[in-house]
1. Anything in region 199-236 that is more than 18 Å from residue 130 (Cβ to Cβ), touching a helix residue (DSSP H, G or I) at 6+ places or on another chain (Cβ under 7 Å) and aliphatic (A, V, I, L, M)? List them, or say none.
2. Restricting region 276-292 to residues that are surrounded by 20 or more Cβ atoms within 10 Å (Cβ to Cβ) and of a type in the set (D, E, K, R), which is farthest from the chain's Cα centre (by Cα)?
3. Would you pick out the residues in region 159-195 that are over 16 Å from residue 95 (Cβ atoms), assigned to a strand (DSSP E or B) and open to solvent by 20 Å² or more (accessible area, probe 1.4 Å)?
4. Please work out if residue 108 is of a type in the set (A, V, I, L, M) and out of contact with any Leu (no Cβ under 6 Å at 6 or more places or on another chain).
5. Out of curiosity, is residue 384 under 30 Å from residue 194 (Cβ atoms), without any contact (Cβ under 8 Å) to a residue 60 or more places away in the chain and not polar (S, T, N, Q)?
6. Of all residues in region 44-55, which are open to solvent by less than 60 Å² (accessible area, probe 1.4 Å) and modelled with pLDDT under 95?
7. When the residues of region 403-437 are narrowed to those that are in a helix (DSSP H, G or I) and hydroxyl-bearing (Ser, Thr, Tyr), which ends up surrounded by the fewest Cβ atoms within 10 Å (Cβ to Cβ)?
Amino acid sequence: MKCKFALCVLVIMATLDANAESKPSATLIVTNAAVYTVDKQQPKAEAVAVIGDRIVAVGSHADIDLWRGPQTKVIDAGGKLLLPGFNDAHVHFIQGGAQLVQVDLVDAATPEEFARRVATQVKKTPKGEWILGGRWDETKWPKPELPTKDLVDPVTGDIPLFVERYDGHEALANSVAMKLAGVDAKTPDVPGGVIMRDASGNPTGVFKDAAMTLIYKAIPPMTHEQRLRAARGALKHAASLGVTSVQHMNPEFADVAAYSELAEKGELTTRIYAVPMETDWRDQAKVGIRRAWGSSYLRLGAVKGYADGSLGSRTAYMFEPFTDDPGNRGLLSDEMHPPSAMRDRLMQADAAGLQLRVHAIGDRGISMMLDIFADIEKEHGYHDQRFAIEHAQHMARKDFERFAKLHVIASMQPYHAIDDGRWAEGRLGRDRTRYSDAGRLRRSHARNARREKSRRLDSRGKHYAARSDRSLHHGRGLCRISGKRERLRFAGKTRRHGDSERQHL
(Lines give C-alpha, C1' and ligand atoms only; values in the text may rest on other atoms or scores of the structure.)
Protein backbone atom coordinates (compact mmCIF):
# COMPACT_ATOMS: atom_id res chain seq x y z
CA MET A 1 0.00 0.00 0.00
CA LYS A 2 2.88 2.32 0.90
CA CYS A 3 4.48 1.60 -2.49
CA LYS A 4 1.30 2.53 -4.31
CA PHE A 5 1.05 5.80 -2.35
CA ALA A 6 4.67 6.65 -3.08
CA LEU A 7 4.12 5.87 -6.75
CA CYS A 8 1.08 8.23 -6.86
CA VAL A 9 3.12 11.00 -5.26
CA LEU A 10 5.89 10.54 -7.83
CA VAL A 11 3.37 10.64 -10.69
CA ILE A 12 1.81 13.86 -9.34
CA MET A 13 5.22 15.48 -8.86
CA ALA A 14 6.29 14.48 -12.36
CA THR A 15 3.08 15.94 -13.78
CA LEU A 16 3.63 19.23 -11.95
CA ASP A 17 7.21 19.36 -13.19
CA ALA A 18 6.04 18.72 -16.74
CA ASN A 19 3.42 21.45 -16.48
CA ALA A 20 6.01 23.87 -15.14
CA GLU A 21 8.35 23.05 -18.01
CA SER A 22 5.56 23.43 -20.56
CA LYS A 23 4.76 27.04 -19.59
CA PRO A 24 4.71 28.93 -22.89
CA SER A 25 7.54 31.29 -23.67
CA ALA A 26 6.89 34.81 -24.87
CA THR A 27 7.13 35.53 -28.55
CA LEU A 28 8.33 39.02 -27.70
CA ILE A 29 9.53 40.85 -24.61
CA VAL A 30 9.90 44.63 -24.47
CA THR A 31 12.02 45.59 -21.50
CA ASN A 32 13.57 48.73 -20.00
CA ALA A 33 10.50 50.74 -21.02
CA ALA A 34 8.38 53.44 -19.40
CA VAL A 35 5.13 51.52 -19.81
CA TYR A 36 1.82 53.38 -19.46
CA THR A 37 -0.78 50.70 -18.79
CA VAL A 38 -4.08 52.68 -18.62
CA ASP A 39 -4.73 50.67 -15.44
CA LYS A 40 -5.42 52.82 -12.38
CA GLN A 41 -4.28 50.00 -10.08
CA GLN A 42 -0.96 49.68 -11.89
CA PRO A 43 -0.46 52.79 -14.04
CA LYS A 44 3.23 52.20 -14.75
CA ALA A 45 5.44 49.20 -15.48
CA GLU A 46 8.89 48.38 -16.81
CA ALA A 47 8.31 45.58 -19.31
CA VAL A 48 5.72 43.56 -21.23
CA ALA A 49 5.56 40.03 -22.58
CA VAL A 50 3.70 39.13 -25.78
CA ILE A 51 2.57 35.77 -27.13
CA GLY A 52 1.33 35.99 -30.70
CA ASP A 53 -0.87 39.09 -30.84
CA ARG A 54 -1.70 39.22 -27.13
CA ILE A 55 0.11 40.91 -24.28
CA VAL A 56 0.18 38.23 -21.57
CA ALA A 57 2.05 40.03 -18.81
CA VAL A 58 2.95 43.56 -17.71
CA GLY A 59 5.25 44.21 -14.80
CA SER A 60 8.79 44.61 -13.56
CA HIS A 61 11.93 43.52 -15.41
CA ALA A 62 12.21 40.50 -13.11
CA ASP A 63 8.54 39.48 -13.53
CA ILE A 64 8.66 39.63 -17.28
CA ASP A 65 12.05 37.92 -17.58
CA LEU A 66 10.35 34.72 -16.34
CA TRP A 67 8.57 34.59 -19.72
CA ARG A 68 11.84 34.53 -21.66
CA GLY A 69 12.54 31.42 -23.74
CA PRO A 70 15.19 30.38 -26.25
CA GLN A 71 13.16 31.78 -29.19
CA THR A 72 11.92 34.95 -27.50
CA LYS A 73 12.71 38.20 -29.29
CA VAL A 74 13.80 40.85 -26.78
CA ILE A 75 13.69 44.59 -27.42
CA ASP A 76 15.42 47.02 -25.10
CA ALA A 77 13.32 50.19 -25.22
CA GLY A 78 16.08 52.31 -23.76
CA GLY A 79 13.71 53.92 -21.25
CA LYS A 80 11.31 55.20 -23.91
CA LEU A 81 7.56 55.49 -23.44
CA LEU A 82 5.48 52.45 -24.42
CA LEU A 83 1.75 53.05 -24.90
CA PRO A 84 -1.23 50.84 -25.68
CA GLY A 85 -2.31 51.19 -29.32
CA PHE A 86 -4.72 53.95 -30.28
CA ASN A 87 -8.23 53.26 -31.55
CA ASP A 88 -9.69 55.75 -34.03
CA ALA A 89 -13.46 55.37 -33.99
CA HIS A 90 -14.18 57.18 -37.27
CA VAL A 91 -11.91 57.06 -40.30
CA HIS A 92 -12.17 56.53 -44.05
CA PHE A 93 -9.37 54.04 -44.29
CA ILE A 94 -8.98 52.92 -47.89
CA GLN A 95 -9.91 56.36 -49.20
CA GLY A 96 -7.17 57.74 -46.99
CA GLY A 97 -4.69 55.15 -48.21
CA ALA A 98 -5.42 56.21 -51.78
CA GLN A 99 -4.99 59.88 -50.87
CA LEU A 100 -1.44 59.25 -49.74
CA VAL A 101 -0.44 59.30 -53.42
CA GLN A 102 -3.05 61.80 -54.66
CA VAL A 103 -2.78 65.56 -54.94
CA ASP A 104 -2.31 67.25 -51.59
CA LEU A 105 -4.06 70.62 -51.24
CA VAL A 106 -4.47 70.63 -47.46
CA ASP A 107 -2.07 73.48 -46.81
CA ALA A 108 -2.27 75.26 -50.17
CA ALA A 109 -2.44 78.79 -48.77
CA THR A 110 -3.43 80.62 -51.97
CA PRO A 111 -5.41 79.88 -55.14
CA GLU A 112 -2.14 80.14 -57.07
CA GLU A 113 -0.55 77.44 -54.92
CA PHE A 114 -3.70 75.33 -55.36
CA ALA A 115 -3.36 75.56 -59.16
CA ARG A 116 0.40 74.94 -59.06
CA ARG A 117 -0.02 71.69 -57.12
CA VAL A 118 -2.74 70.54 -59.48
CA ALA A 119 -0.43 71.26 -62.44
CA THR A 120 2.30 69.16 -60.83
CA GLN A 121 -0.15 66.28 -60.34
CA VAL A 122 -1.19 66.51 -64.00
CA LYS A 123 2.36 65.53 -65.00
CA LYS A 124 2.11 62.36 -62.87
CA THR A 125 -1.35 61.32 -64.07
CA PRO A 126 -1.59 58.75 -66.90
CA LYS A 127 -4.03 59.47 -69.72
CA GLY A 128 -7.51 58.20 -68.88
CA GLU A 129 -7.11 58.53 -65.11
CA TRP A 130 -8.61 61.19 -62.84
CA ILE A 131 -6.98 63.67 -60.48
CA LEU A 132 -8.57 63.02 -57.09
CA GLY A 133 -7.83 63.77 -53.44
CA GLY A 134 -7.32 67.42 -52.53
CA ARG A 135 -8.70 68.23 -49.06
CA TRP A 136 -8.52 71.97 -49.81
CA ASP A 137 -9.62 74.72 -47.43
CA GLU A 138 -10.44 78.09 -48.92
CA THR A 139 -10.74 79.71 -45.48
CA LYS A 140 -6.93 79.73 -45.33
CA TRP A 141 -6.68 81.93 -48.42
CA PRO A 142 -6.20 85.72 -48.23
CA LYS A 143 -9.63 86.09 -49.85
CA PRO A 144 -11.65 83.08 -48.64
CA GLU A 145 -13.80 82.38 -51.70
CA LEU A 146 -14.65 78.99 -53.16
CA PRO A 147 -12.46 77.91 -56.08
CA THR A 148 -14.03 77.43 -59.52
CA LYS A 149 -13.29 75.44 -62.64
CA ASP A 150 -11.64 78.56 -64.08
CA LEU A 151 -8.82 78.13 -61.57
CA VAL A 152 -7.93 74.59 -62.70
CA ASP A 153 -9.08 74.32 -66.32
CA PRO A 154 -5.96 76.09 -67.69
CA VAL A 155 -3.62 73.56 -66.04
CA THR A 156 -5.57 70.28 -66.35
CA GLY A 157 -6.03 70.06 -70.12
CA ASP A 158 -7.98 66.91 -71.02
CA ILE A 159 -7.49 65.22 -67.63
CA PRO A 160 -10.64 65.12 -65.45
CA LEU A 161 -10.35 66.48 -61.91
CA PHE A 162 -12.57 66.17 -58.85
CA VAL A 163 -10.90 67.28 -55.60
CA GLU A 164 -12.67 67.41 -52.24
CA ARG A 165 -12.79 70.14 -49.66
CA TYR A 166 -11.19 69.03 -46.39
CA ASP A 167 -14.57 68.33 -44.76
CA GLY A 168 -15.63 66.01 -47.59
CA HIS A 169 -18.93 67.83 -48.10
CA GLU A 170 -18.10 69.68 -51.27
CA ALA A 171 -15.67 69.18 -54.14
CA LEU A 172 -14.36 71.00 -57.20
CA ALA A 173 -14.70 69.56 -60.72
CA ASN A 174 -13.03 70.87 -63.84
CA SER A 175 -14.85 71.23 -67.15
CA VAL A 176 -13.64 67.86 -68.43
CA ALA A 177 -15.07 66.08 -65.39
CA MET A 178 -18.43 67.83 -65.74
CA LYS A 179 -18.59 66.95 -69.43
CA LEU A 180 -17.88 63.27 -68.67
CA ALA A 181 -20.62 63.35 -66.02
CA GLY A 182 -23.09 65.06 -68.36
CA VAL A 183 -23.50 68.06 -66.07
CA ASP A 184 -24.35 71.46 -67.56
CA ALA A 185 -26.53 74.50 -66.90
CA LYS A 186 -29.69 72.43 -67.43
CA THR A 187 -28.78 69.85 -64.77
CA PRO A 188 -31.12 70.30 -61.79
CA ASP A 189 -30.03 70.20 -58.17
CA VAL A 190 -30.61 66.90 -56.38
CA PRO A 191 -32.30 66.39 -52.98
CA GLY A 192 -29.73 67.00 -50.28
CA GLY A 193 -27.25 68.66 -52.63
CA VAL A 194 -26.42 71.90 -54.43
CA ILE A 195 -24.64 72.68 -57.70
CA MET A 196 -22.96 76.05 -57.29
CA ARG A 197 -23.68 78.31 -60.28
CA ASP A 198 -22.50 81.65 -61.63
CA ALA A 199 -24.75 84.60 -62.45
CA SER A 200 -25.68 83.01 -65.79
CA GLY A 201 -26.71 79.71 -64.19
CA ASN A 202 -23.66 77.76 -65.35
CA PRO A 203 -22.01 75.36 -62.87
CA THR A 204 -18.90 76.86 -61.29
CA GLY A 205 -17.44 73.42 -60.64
CA VAL A 206 -18.29 73.21 -56.93
CA PHE A 207 -20.72 70.46 -55.91
CA LYS A 208 -22.08 70.22 -52.36
CA ASP A 209 -23.07 67.05 -50.51
CA ALA A 210 -25.48 64.84 -52.50
CA ALA A 211 -24.72 66.79 -55.69
CA MET A 212 -21.21 65.32 -55.55
CA THR A 213 -22.67 61.98 -56.67
CA LEU A 214 -23.35 63.54 -60.08
CA ILE A 215 -19.58 63.56 -60.65
CA TYR A 216 -18.67 60.46 -58.66
CA LYS A 217 -20.81 58.29 -60.91
CA ALA A 218 -18.52 59.16 -63.83
CA ILE A 219 -15.32 58.15 -61.99
CA PRO A 220 -14.21 54.56 -62.75
CA PRO A 221 -14.43 52.40 -59.61
CA MET A 222 -11.21 51.27 -57.98
CA THR A 223 -9.99 47.88 -59.08
CA HIS A 224 -9.37 45.18 -56.51
CA GLU A 225 -5.62 45.64 -56.88
CA GLN A 226 -5.95 49.39 -56.35
CA ARG A 227 -7.94 48.76 -53.16
CA LEU A 228 -5.27 46.37 -51.90
CA ARG A 229 -2.53 48.92 -52.58
CA ALA A 230 -4.51 51.66 -50.84
CA ALA A 231 -5.24 49.39 -47.87
CA ARG A 232 -1.59 48.42 -47.52
CA GLY A 233 -0.59 52.08 -47.59
CA ALA A 234 -3.18 52.88 -44.92
CA LEU A 235 -2.05 49.98 -42.73
CA LYS A 236 1.56 51.10 -42.90
CA HIS A 237 0.60 54.67 -42.07
CA ALA A 238 -1.59 53.58 -39.15
CA ALA A 239 1.23 51.47 -37.71
CA SER A 240 3.61 54.42 -37.94
CA LEU A 241 1.24 56.43 -35.72
CA GLY A 242 0.59 53.69 -33.18
CA VAL A 243 -3.01 53.21 -34.34
CA THR A 244 -3.94 49.55 -33.93
CA SER A 245 -7.69 49.58 -34.51
CA VAL A 246 -10.16 51.70 -36.45
CA GLN A 247 -13.81 51.92 -37.39
CA HIS A 248 -14.00 52.44 -41.15
CA MET A 249 -17.08 54.53 -41.91
CA ASN A 250 -19.02 53.95 -45.12
CA PRO A 251 -16.75 51.37 -46.75
CA GLU A 252 -17.86 49.73 -49.96
CA PHE A 253 -18.28 45.97 -49.68
CA ALA A 254 -15.38 45.72 -52.13
CA ASP A 255 -13.27 47.36 -49.39
CA VAL A 256 -14.34 44.64 -46.96
CA ALA A 257 -13.33 42.03 -49.55
CA ALA A 258 -9.86 43.60 -49.71
CA TYR A 259 -9.58 43.50 -45.90
CA SER A 260 -10.65 39.86 -45.92
CA GLU A 261 -7.94 38.94 -48.40
CA LEU A 262 -5.30 40.78 -46.39
CA ALA A 263 -6.50 39.05 -43.22
CA GLU A 264 -6.12 35.64 -44.88
CA LYS A 265 -2.55 36.55 -45.82
CA GLY A 266 -1.73 37.76 -42.32
CA GLU A 267 -1.25 41.33 -43.57
CA LEU A 268 -4.14 43.02 -41.75
CA THR A 269 -2.04 44.71 -39.06
CA THR A 270 -4.81 47.08 -37.96
CA ARG A 271 -8.04 45.74 -36.48
CA ILE A 272 -11.00 47.01 -38.52
CA TYR A 273 -14.69 47.37 -37.72
CA ALA A 274 -16.33 48.11 -41.09
CA VAL A 275 -19.49 50.26 -40.91
CA PRO A 276 -21.27 50.38 -44.31
CA MET A 277 -24.05 52.78 -45.33
CA GLU A 278 -27.37 52.48 -43.53
CA THR A 279 -29.13 52.36 -46.89
CA ASP A 280 -27.49 48.94 -47.36
CA TRP A 281 -28.49 47.54 -43.96
CA ARG A 282 -30.26 44.56 -45.52
CA ASP A 283 -26.99 43.29 -47.01
CA GLN A 284 -25.80 42.47 -43.51
CA ALA A 285 -29.14 41.60 -41.93
CA LYS A 286 -30.19 39.06 -44.58
CA VAL A 287 -27.28 36.76 -43.70
CA GLY A 288 -27.73 37.22 -39.95
CA ILE A 289 -24.81 39.55 -39.25
CA ARG A 290 -25.29 41.34 -35.95
CA ARG A 291 -23.16 43.85 -34.06
CA ALA A 292 -19.45 43.07 -33.67
CA TRP A 293 -19.69 39.97 -35.89
CA GLY A 294 -16.47 38.54 -37.24
CA SER A 295 -12.91 37.94 -36.12
CA SER A 296 -10.65 39.89 -33.81
CA TYR A 297 -9.15 41.63 -36.85
CA LEU A 298 -12.18 42.21 -39.12
CA ARG A 299 -15.72 42.86 -38.00
CA LEU A 300 -19.09 43.96 -39.36
CA GLY A 301 -22.40 44.61 -37.64
CA ALA A 302 -23.01 48.36 -37.76
CA VAL A 303 -24.36 50.90 -40.25
CA LYS A 304 -23.77 54.61 -40.69
CA GLY A 305 -25.95 57.30 -42.23
CA TYR A 306 -25.99 61.05 -42.86
CA ALA A 307 -28.52 63.53 -41.52
CA ASP A 308 -26.97 66.71 -42.93
CA GLY A 309 -23.80 68.32 -44.26
CA SER A 310 -21.03 70.36 -42.64
CA LEU A 311 -20.45 73.77 -41.10
CA GLY A 312 -17.61 74.66 -43.47
CA SER A 313 -19.77 74.04 -46.52
CA ARG A 314 -22.78 75.75 -44.88
CA THR A 315 -24.79 72.57 -45.35
CA ALA A 316 -25.18 71.62 -41.67
CA TYR A 317 -28.94 71.65 -40.98
CA MET A 318 -29.73 74.48 -38.53
CA PHE A 319 -32.81 75.79 -36.71
CA GLU A 320 -31.81 79.34 -37.63
CA PRO A 321 -30.04 80.63 -40.76
CA PHE A 322 -26.28 80.98 -40.94
CA THR A 323 -25.20 84.38 -39.68
CA ASP A 324 -23.09 85.02 -42.78
CA ASP A 325 -25.68 83.53 -45.19
CA PRO A 326 -29.11 84.67 -43.94
CA GLY A 327 -31.13 82.80 -46.56
CA ASN A 328 -29.53 79.44 -45.80
CA ARG A 329 -30.39 76.99 -43.00
CA GLY A 330 -28.33 74.16 -44.47
CA LEU A 331 -29.39 70.88 -46.04
CA LEU A 332 -30.87 67.59 -44.98
CA SER A 333 -29.05 64.71 -46.64
CA ASP A 334 -30.64 62.75 -49.45
CA GLU A 335 -31.19 59.93 -46.91
CA MET A 336 -33.50 62.29 -44.98
CA HIS A 337 -35.81 62.93 -47.94
CA PRO A 338 -38.18 62.23 -46.28
CA PRO A 339 -37.03 61.83 -42.64
CA SER A 340 -39.61 59.07 -42.20
CA ALA A 341 -37.66 56.91 -44.66
CA MET A 342 -34.50 57.24 -42.54
CA ARG A 343 -36.54 56.44 -39.44
CA ASP A 344 -38.01 53.28 -41.00
CA ARG A 345 -34.62 51.98 -42.20
CA LEU A 346 -32.92 52.59 -38.85
CA MET A 347 -35.86 51.04 -37.00
CA GLN A 348 -35.49 47.86 -39.06
CA ALA A 349 -31.70 47.84 -38.80
CA ASP A 350 -31.91 48.08 -35.01
CA ALA A 351 -34.45 45.24 -34.93
CA ALA A 352 -31.97 43.16 -36.94
CA GLY A 353 -29.29 43.67 -34.29
CA LEU A 354 -27.17 46.19 -36.15
CA GLN A 355 -25.61 49.18 -34.43
CA LEU A 356 -26.57 52.66 -35.63
CA ARG A 357 -24.26 55.62 -36.22
CA VAL A 358 -25.45 58.77 -37.96
CA HIS A 359 -23.57 61.89 -39.04
CA ALA A 360 -25.26 65.06 -37.76
CA ILE A 361 -23.56 68.45 -37.36
CA GLY A 362 -26.25 71.15 -37.34
CA ASP A 363 -28.43 71.67 -34.26
CA ARG A 364 -31.64 70.81 -36.13
CA GLY A 365 -30.08 67.78 -37.79
CA ILE A 366 -28.91 66.52 -34.39
CA SER A 367 -32.33 67.15 -32.86
CA MET A 368 -34.09 65.23 -35.64
CA MET A 369 -31.78 62.25 -35.12
CA LEU A 370 -32.47 62.26 -31.40
CA ASP A 371 -36.18 62.15 -32.25
CA ILE A 372 -35.58 59.08 -34.42
CA PHE A 373 -33.46 57.36 -31.76
CA ALA A 374 -36.20 58.11 -29.19
CA ASP A 375 -38.77 56.43 -31.44
CA ILE A 376 -36.55 53.37 -31.85
CA GLU A 377 -35.93 53.02 -28.12
CA LYS A 378 -39.63 53.44 -27.40
CA GLU A 379 -40.46 50.71 -29.91
CA HIS A 380 -37.70 48.23 -29.06
CA GLY A 381 -36.76 49.17 -25.51
CA TYR A 382 -33.26 49.92 -24.26
CA HIS A 383 -30.85 47.06 -24.96
CA ASP A 384 -27.39 48.67 -24.95
CA GLN A 385 -27.77 49.73 -28.58
CA ARG A 386 -25.00 52.33 -28.24
CA PHE A 387 -26.57 54.77 -30.68
CA ALA A 388 -23.97 57.27 -31.87
CA ILE A 389 -24.26 60.69 -33.46
CA GLU A 390 -21.11 61.30 -35.41
CA HIS A 391 -19.74 64.84 -34.87
CA ALA A 392 -22.64 66.19 -32.74
CA GLN A 393 -20.90 69.45 -33.44
CA HIS A 394 -23.43 72.25 -32.89
CA MET A 395 -26.07 71.25 -30.35
CA ALA A 396 -29.18 73.08 -29.25
CA ARG A 397 -29.30 73.70 -25.50
CA LYS A 398 -32.44 71.61 -25.16
CA ASP A 399 -30.71 68.50 -26.51
CA PHE A 400 -27.83 68.11 -24.05
CA GLU A 401 -30.11 66.33 -21.57
CA ARG A 402 -31.60 64.13 -24.30
CA PHE A 403 -28.25 62.59 -25.16
CA ALA A 404 -28.00 61.18 -21.63
CA LYS A 405 -31.65 60.16 -21.44
CA LEU A 406 -31.45 58.22 -24.72
CA HIS A 407 -27.99 56.72 -24.05
CA VAL A 408 -26.68 58.33 -27.24
CA ILE A 409 -22.91 58.62 -27.70
CA ALA A 410 -21.63 61.94 -29.01
CA SER A 411 -18.80 60.81 -31.27
CA MET A 412 -16.84 64.05 -31.61
CA GLN A 413 -13.39 65.02 -32.81
CA PRO A 414 -11.08 67.56 -31.20
CA TYR A 415 -9.80 68.60 -34.61
CA HIS A 416 -13.14 70.22 -35.46
CA ALA A 417 -12.78 72.46 -32.43
CA ILE A 418 -9.30 73.47 -33.52
CA ASP A 419 -10.04 73.91 -37.22
CA ASP A 420 -13.61 75.24 -37.34
CA GLY A 421 -12.88 77.49 -34.39
CA ARG A 422 -11.10 79.90 -36.72
CA TRP A 423 -14.39 80.95 -38.29
CA ALA A 424 -17.28 79.20 -36.47
CA GLU A 425 -18.50 82.40 -34.80
CA GLY A 426 -18.76 84.08 -38.19
CA ARG A 427 -20.99 81.26 -39.43
CA LEU A 428 -23.18 80.90 -36.33
CA GLY A 429 -22.87 84.03 -34.22
CA ARG A 430 -21.65 84.27 -30.64
CA ASP A 431 -24.65 82.72 -28.85
CA ARG A 432 -24.89 79.53 -30.91
CA THR A 433 -21.17 78.89 -30.79
CA ARG A 434 -21.38 78.72 -26.99
CA TYR A 435 -22.91 75.26 -27.51
CA SER A 436 -20.50 74.25 -30.24
CA ASP A 437 -17.32 72.21 -29.92
CA ALA A 438 -15.55 75.13 -31.59
CA GLY A 439 -17.39 77.87 -29.84
CA ARG A 440 -14.93 79.36 -27.39
CA LEU A 441 -11.89 79.38 -29.64
CA ARG A 442 -12.07 83.03 -30.56
CA ARG A 443 -11.65 83.82 -26.88
CA SER A 444 -9.53 80.96 -25.55
CA HIS A 445 -7.25 78.06 -26.36
CA ALA A 446 -8.69 75.08 -28.26
CA ARG A 447 -8.48 72.71 -25.34
CA ASN A 448 -10.59 75.06 -23.21
CA ALA A 449 -13.44 74.81 -25.73
CA ARG A 450 -13.13 71.05 -25.77
CA ARG A 451 -13.06 70.96 -21.95
CA GLU A 452 -16.12 73.21 -21.73
CA LYS A 453 -18.22 70.99 -23.97
CA SER A 454 -17.00 67.84 -22.25
CA ARG A 455 -17.88 69.39 -18.87
CA ARG A 456 -21.42 70.03 -20.04
CA LEU A 457 -21.73 66.46 -21.30
CA ASP A 458 -20.21 64.93 -18.18
CA SER A 459 -22.51 66.89 -15.89
CA ARG A 460 -25.49 65.30 -17.61
CA GLY A 461 -24.23 61.72 -17.45
CA LYS A 462 -23.70 61.72 -21.19
CA HIS A 463 -21.30 59.47 -23.10
CA TYR A 464 -18.95 61.01 -25.62
CA ALA A 465 -16.00 59.84 -27.70
CA ALA A 466 -13.16 61.61 -29.47
CA ARG A 467 -11.80 60.49 -32.82
CA SER A 468 -10.34 61.99 -35.95
CA ASP A 469 -12.94 61.55 -38.73
CA ARG A 470 -9.94 61.81 -41.02
CA SER A 471 -8.48 60.02 -43.90
CA LEU A 472 -4.72 59.52 -43.62
CA HIS A 473 -3.53 62.32 -45.81
CA HIS A 474 -0.04 63.56 -44.94
CA GLY A 475 -0.13 63.54 -41.17
CA ARG A 476 -3.62 65.08 -40.96
CA GLY A 477 -5.15 61.71 -40.34
CA LEU A 478 -5.44 59.07 -37.73
CA CYS A 479 -5.23 60.01 -34.09
CA ARG A 480 -3.78 63.50 -34.60
CA ILE A 481 -2.93 64.04 -30.96
CA SER A 482 -1.17 67.18 -29.79
CA GLY A 483 1.70 67.12 -27.32
CA LYS A 484 5.07 65.42 -27.36
CA ARG A 485 5.23 61.64 -27.09
CA GLU A 486 7.38 58.77 -28.16
CA ARG A 487 6.12 55.40 -29.35
CA LEU A 488 7.85 52.08 -29.46
CA ARG A 489 7.00 50.13 -32.58
CA PHE A 490 7.98 46.60 -33.36
CA ALA A 491 7.56 44.15 -36.25
CA GLY A 492 5.41 46.67 -38.10
CA LYS A 493 2.71 46.38 -35.44
CA THR A 494 1.82 48.17 -32.26
CA ARG A 495 0.42 45.80 -29.64
CA ARG A 496 -2.32 46.52 -27.16
CA HIS A 497 -2.61 45.41 -23.58
CA GLY A 498 -4.90 42.46 -22.95
CA ASP A 499 -8.41 42.53 -24.38
CA SER A 500 -8.86 46.30 -24.23
CA GLU A 501 -8.72 46.63 -28.00
CA ARG A 502 -12.07 44.96 -28.65
CA GLN A 503 -14.03 46.92 -31.20
CA HIS A 504 -17.51 46.33 -29.80
CA LEU A 505 -18.93 49.81 -30.39
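The values are calculated or read from the model by the stated rules, or taken from the named source; none is laboratory data. All figures in this text were calculated on a predicted structure; none of them were measured in a lab. Note that each Cβ is placed from the backbone with ideal geometry, even for glycine, and that neighbours are counted across all protein chains shown. Note: accessible area is taken over every heavy atom of the protein model, side chains too, but ligands, DNA and RNA are not part of it. Shrake-Rupley method; radii C 1.70, N 1.55, O 1.52, S 1.80 Å.
1. The answer is 210, 228, 231, 234.
2. Taking region 276-292 as the starting set, the residues that turn out to be surrounded by 20 or more Cβ atoms within 10 Å (Cβ to Cβ) are 276, 278, 281, 284, 291.
If we keep only those that are of a type in the set (D, E, K, R) too, we end up with 278, 291.
Working: 278: 16, 291: 18 Å.
The extreme case among them is 291.
3. 194
4. Numbers: of a type in the set (A, V, I, L, M): yes; out of contact with any Leu (no Cβ under 6 Å at 6 or more places or on another chain): yes.
When the stated conditions are applied, residue 108 passes them.
5. On the way: under 30 Å from residue 194 (Cβ atoms): no; without any contact (Cβ under 8 Å) to a residue 60 or more places away in the chain: yes; not polar (S, T, N, Q): yes.
No.
6. Going residue by residue through region 44-55, those that are open to solvent by less than 60 Å² (accessible area, probe 1.4 Å) are 45, 47-53, 55.
If the condition is that a residue be open to solvent by less than 60 Å² (accessible area, probe 1.4 Å) and modelled with pLDDT under 95, then 52, 53, 55 are the ones that fit.
7. Of all residues in region 403-437, those in a helix (DSSP H, G or I) come to 403-405, 414-420, 424-428, 430-433.
Of the ones still in play, those that are also hydroxyl-bearing (Ser, Thr, Tyr) are 415, 433.
Numbers: 415: 19, 433: 24.
Ranking the qualifying residues of region 403-437, first place goes to 415.
Residue-by-condition table, conditions (1) at pLDDT 95 or above; (2) of a type in the set (Phe, Trp, Tyr); (3) buried (at least 22 other Cβ atoms within 10 Å of the Cβ); (4) not in a loop (DSSP other than H, G, I, E, B):
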residue: 7; (1), (2), (3), (4): no, no, no, yes
residue: 29; (1), (2), (3), (4): yes, no, yes, yes
residue: 39; (1), (2), (3), (4): no, no, no, no
residue: 96; (1), (2), (3), (4): no, no, yes, yes
